[in-house]
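A short write-up of the structure that comes next.
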Amino acid sequence: MIFLDSKILNKVAKVILWIFLLCLLVVGCSQLYDSGHKALNPKEARQESIKIKKQRQEANTALMKQLNTDQHLASSNNEPVSYGLNYANYIDSIKYTEGENVTIYVTSDFQNLDAASKTSVINGAQDMAKTTLWHEKVISQSEMNENVFATVNLGANSIGQSSISNHSEIKWSE
């Protein structure tokens, strides 16, 4: 029989204890990760999809309602520019797509504007969209600090979009 020194037994016990504690830590962390990244079952996924579609529909309804109001005010007022509603004269519709993204559909008269005026019109539409999406609780207060990302379409053709680094800066297609 081999008799071990008590110092050796003490060191072996400490190593075993540390290995045990490390195993507990690894298992605990993996369970936390798994619970935070749990896949939705098909029923939950369908419900989440329905919720997202409903939120998008409500946001788009609110955007169109606000745009219609602004268009009415802009057309009935002799000086719509002073009220910041001139943008509405050049917008056909605004659609919320996802996240902080909207597609802005412009009228054919929009093409007659110079680049600075076009950007001003789109910035007005972005401001309206941002405020409306915030009221609909689609975007948060912190997301209000920057304009929404806009894709600008004339009919089915994309004619411009927001810059990635500054959403208020619009890059126009040639």
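Return the only residue of THR107, THR132, THR61, THR97 being open to solvent by 90 Å² or more (accessible area, probe 1.4 Å), among the hydroxyl-bearing types (Ser, Thr, Tyr) and under 23 Å from GLN161 (Cα atoms).
THR61
Residue under question is ILE139, and the condition is that it be under 24 Å from GLU169 (Cα atoms), open to solvent by less than 30 Å² (accessible area, probe 1.4 Å) and modelled with pLDDT of 90 or more; does it hold?
Answer is no for this residue.
Given (1) within 30 Å of GLY124 (Cα to Cα); (2) modelled with pLDDT under 85, where does ALA62 come up short, assuming only one miss?
Single failed check for ALA62: (2).
Take the conditions modelled with pLDDT of 90 or more, open to solvent by 20 Å² or more (accessible area, probe 1.4 Å) and under 19 Å from MET64 (Cβ atoms) and apply them to LYS118. Does it pass?
no
Any idea which residue in region 142-166 is modelled with the highest pLDDT, counting only those that are open to solvent by 20 Å² or more (accessible area, probe 1.4 Å) and under 12 Å from the mean Cα position of the chain (by Cα)?
In this case the residue turns out to be PHE149.
The values are calculated or read from the model by the stated rules, or taken from the named source; none is laboratory data. Being a predicted model, the structure only gives us computed values, none of them experimental. Note that we place each Cβ from the backbone using ideal geometry, even for glycine, and neighbour counts take in every protein chain shown. These area figures cover heavy atoms from the full protein model, side chains too; ligands, DNA and RNA do not enter into them. Shrake-Rupley method; radii C 1.70, N 1.55, O 1.52, S 1.80 Å.
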